[in-house]
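Participant: After the structure tokens below, expect a handful of questions from me.
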Amino acid sequence: MSEEALVQEKAEKPVDHRHLERMALLQALFVDEFPHQSWDKLEIKFNHQTLEEIRLHKAEYDQEIATIAKERPLAELAKIDLAILRLILHESKTKATPAKVLIDEGVELAKDFGGENSYAFINAVLEKLLLSEKDKKTDVSD
């Protein structure tokens, strides 16, 4: 989807301010993956403190992701997919956002920014990371 089409689609339906904040932070996380690039030059506003917190816990988050996504080594993951996983994992640990909401948000970010099949990968990994066995059993009975 072209950037213009994405903007048009977003303009047609109201966008939650939390989604916009996540989008901005995701862009900063993505830029952060490239040496000699600076998020200081981004023309977006994002929460710098949250970016620093994610950076601080990056190794911990990557270990959790690697444990779940064994079929894909971290070095082979698309940088945007890894940034989405780190962002959502961080929010799951620092805010009271329900797991299902975070999974949906991760999928939406993957559809907006990731590759053709990123959303399916993000969905599968986040479900394993965020949903406990109890939650999975509850989902089946719903």
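Participant: Do we have any residue at all in segment 52-72 that's closer than 21 Å to H19 by Cβ and β-branched (V, I, T)?
Facilitator: Yes, some residue in segment 52-72 is closer than 21 Å to H19 by Cβ and β-branched (V, I, T).
Participant: Just the residues that are in a loop (DSSP other than H, G, I, E, B), out of contact with any Leu (no Cβ under 9 Å at 6 or more places or on another chain) and at pLDDT 70 or above, please, taken from segment 16-39.
Facilitator: D16, F34, P35, H36, Q37, listed by residue number.
Participant: Looking at (1) touching a residue at least 12 places away in the same chain (Cβ under 8 Å); (2) closer than 22 Å to V15 by Cα, which is the only condition E53 fails?
Facilitator: (2)
Participant: Out of curiosity, is D104 out of contact with any Leu (no Cβ under 8 Å at 6 or more places or on another chain) and of a type in the set (D, E)?
Facilitator: Yes: the conditions hold for D104.
Participant: Here is a follow-up. Which of the numbered conditions does V107 fail, given that it passes all the others? Conditions: (1) part of a helix (DSSP H, G or I); (2) closer than 20 Å to M23 by Cβ; (3) at pLDDT below 95.
Facilitator: The failed condition is (3).
Participant: Check whether at least one residue in segment 48-56 is open to solvent by 80 Å² or more (accessible area, probe 1.4 Å), of a type outside the set (D, E), at pLDDT below 90 and part of a loop (DSSP other than H, G, I, E, B), and report yes or no.
Facilitator: No, the conditions are met nowhere in segment 48-56.
Participant: Continuing with this model, one more query. Looking at A66, A83, can you tell me which residue is within 17 Å of I122 (Cβ to Cβ), without any contact (Cβ under 8 Å) to a residue 24 or more places away in the chain, out of contact with any strand residue (DSSP E or B) (no Cβ under 6 Å at 6 or more places or on another chain) and part of a helix (DSSP H, G or I)?
Facilitator: Details: A83 fails: without any contact (Cβ under 8 Å) to a residue 24 or more places away in the chain.
Of A66, A83, the one residue that is within 17 Å of I122 (Cβ to Cβ), without any contact (Cβ under 8 Å) to a residue 24 or more places away in the chain, out of contact with any strand residue (DSSP E or B) (no Cβ under 6 Å at 6 or more places or on another chain) and part of a helix (DSSP H, G or I) is A66.
The values are calculated or read from the model by the stated rules, or taken from the named source; none is laboratory data. Small disclaimer: the values here were computed from a predicted structure and weren't measured. Glycine also receives a Cβ, built like all others from the backbone with ideal geometry; neighbour counts cover every protein chain displayed. Quick note on the areas: whole protein, heavy atoms, side chains included, nothing else; ligands and nucleic acids left out. Shrake-Rupley method; radii C 1.70, N 1.55, O 1.52, S 1.80 Å.
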